[in-house]
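Here is the structure we will look at, set down as structure tokens.
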Amino acid sequence: MLKIGNIELTLPVIAAPLSGYTDTAMRMINRQFGCELTFGGLMLDKSTAYRKVLQKPEYQVIEQDHPVGGQICGTDPEVMANAAAALVDHGYDLVDLNFACPVAKVVRRGRGGAMMKEPALAKAIIDKVRSRIACPLSLKIRRGYDDSPESRLAFWQICEAAVKGGVDAIFIHGRTTLQLYGGQSDWNILREVREKYPQAVLIGSGDLMTAENIVQRLAESGFDGVIAARGMIGNPWIFSETRALLNGQPLPAQPTIMEQYNIIRSHLEMILQHSPAPSGVRYFRKFITKYARRHPQRKRVILDALTADTLSEFNTALDKWYVNYQPPYAGGTEL
Ligand SMILES: Cc1cc2nc3c(=O)[nH]c(=O)nc-3n(C[C@H](O)[C@H](O)[C@H](O)COP(=O)(O)O)c2cc1C
């Protein structure tokens, strides 16, 4: 059981905030596979406080999508606190403060991952937000801004501010801000955090692409949970597979082609409700390329799906590669 404030989860794998991906459709698909805590993508504090961004379809909270976390970034403690309160009013169950985003336009303005250089301001934001909202509060950080000793010191100061400031969970991505998504996530620092703060609720992130990865990292790090990020795009099975392994069961069989098709179809249908074709079809391209990883003819599926512009062309591609798919055989062996 993983507890983040009053949120109780039986699966210690949280669906990461992924800007541009984790809309209601993706969140609901992940829930079908046993994921119990989902996130929307990152929001700017000002537009959240004024509720502008909350009107967008991808930030709506529907009744079946709970508990759900909302994530904000910014540099002004008062505006961050207002944004956090707006998220709670809007139906979010948990507020996450993002001190991790490495995207240039965010960092340039001192937000997201740039906060890893500003431990005093980070503490002021944590304290202000904590005093404003009663719901669970989490913090998403990186292992530092860069690899310098000053950065390492700031990392520990921010951890300290979180633990002392009543943050309910710290999500730690084992890359520095400057590393973006390159190189490897360093899980050693995560073990150090565990040793230093045995009571804190710690959630690890970085390079968790399969259920086996997740189970191994959970065991090695001693962390309370992890977040699945790139590994869950077009791969909601990662949640049910991890649950099976954690329960001591073998890895479930690969989803059949028709099982894959049914999930792809229902994901696409949900998207089309808010974003009709052709834009919904184009938006879905980034998902189908990942869903195709489970298909024996991955490259061909991707090629056909990416050249489909209309819904009818896309359906033809899905029919060809999923509904009517016959694996090629040569002397009884699948090619
Ligand atoms: C396309 C993309 C969008 C992301 N958006 C967010 C975001 O909005 N908020 C956030 O905290 N992290 C975001 N992340 C970072 C992930 O949550 C996660 O920490 C990171 O990808 C490392 O995990 P992984 O190596 O298992 O993918 C994003 C990552 C990717 C690849």
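Computed from the coordinates by the stated procedures, all read-outs in this text should not be read as laboratory data. The structure presented is a predicted model; accordingly, all values stated were derived computationally and were not measured. Methodologically, a virtual Cβ is constructed for each residue, glycine included, from the backbone with ideal geometry; neighbour enumeration extends over all protein chains shown.
General remarks:
- Residue exposure sequence - Trp156, Trp187, Trp321 - by fewest surrounding Cβ within 10 Å: Trp156, Trp187, Trp321
- Annotation for the range 301-322 versus the range 59-81: alpha-carbon center distance of 35 Å.
- Relative contact order of the range 257-329, defined on C-alpha pairs under 8 angstrom at six or more residues apart (%): 36 percent
- Note that the range 160-294 carries a Kirkwood radius of 17.0 Å, evaluated over its alpha carbons pair by pair.
- Dipole axis of the range 257-329 (+1 Lys, Arg; -1 Asp, Glu on Cβ), positive-most option in Asn315, Thr289, Ser279: Thr289
- Likely footprinting exposure, Tyr283, Tyr197, fewest C-beta neighbours within 10 Å first: Tyr197, Tyr283
- Computed from point charges on the beta carbon alone (+1 for Lys and Arg, -1 for Asp and Glu), the dipole magnitude for the chain about its Cα centre is near 680 Debye.
- Between the helical axis of 257-274 and the longest alpha-carbon principal axis of the chain there is an angle of about 60 degrees.
- Once C-alpha pairs closer than 8 Å and six or more residues apart are averaged by separation and normalised to the residue number of the range 50-172, the relative contact order reads 24 percent.
- When each of Lys52/Lys286; Lys117/Lys290; Lys117/Lys196 is checked by Cα-Cα distance, pairs over 32 Å: Lys117/Lys290
- Relative contact order (percent, whole number), the chain, Cα cutoff 8 Å, 6+ residue spacing: 13 percent
- Each part gets one Cα centre, and for the range 204-276 versus the range 12-47 those centres are 13 Å apart.
- Under the shape rule built on the C-alpha gyration tensor, where the axes satisfy a ≥ b ≥ c, the range 221-335 is oblate, since a/c reaches at least 1.5 while a/b does not exceed b/c.
- Sum of -39500 (n - 2.57) over DSSP H runs of 4+, divided by residues of the chain (222 nm, nearest 500): -12500 deg cm²/dmol
- Checking every one of the GluC sites (Glu not before Pro) in the range 1-65 against DSSP loop status and a limit of 12 other Cβ atoms within 10 Å picks out Glu63.
- Length gained on full extension, Lys105 to Lys299, computed as 0.36 nm times the residue gap minus the Cα-Cα distance: 66.5 nm.
- Charge tally in the Cβ shell below 11 Å around Asp186, where Lys, Arg are +1 and Asp, Glu are -1, Asp186 excluded: +1
- Judged by the gyration tensor of its Cα atoms, with axes a ≥ b ≥ c, the range 2-246 is rounded; a/c sits under the 1.5 cut.
- Angle between the chain longest axis and helix 149-164 axis [Cα atoms, degrees, rounded to 10]: 90 degrees
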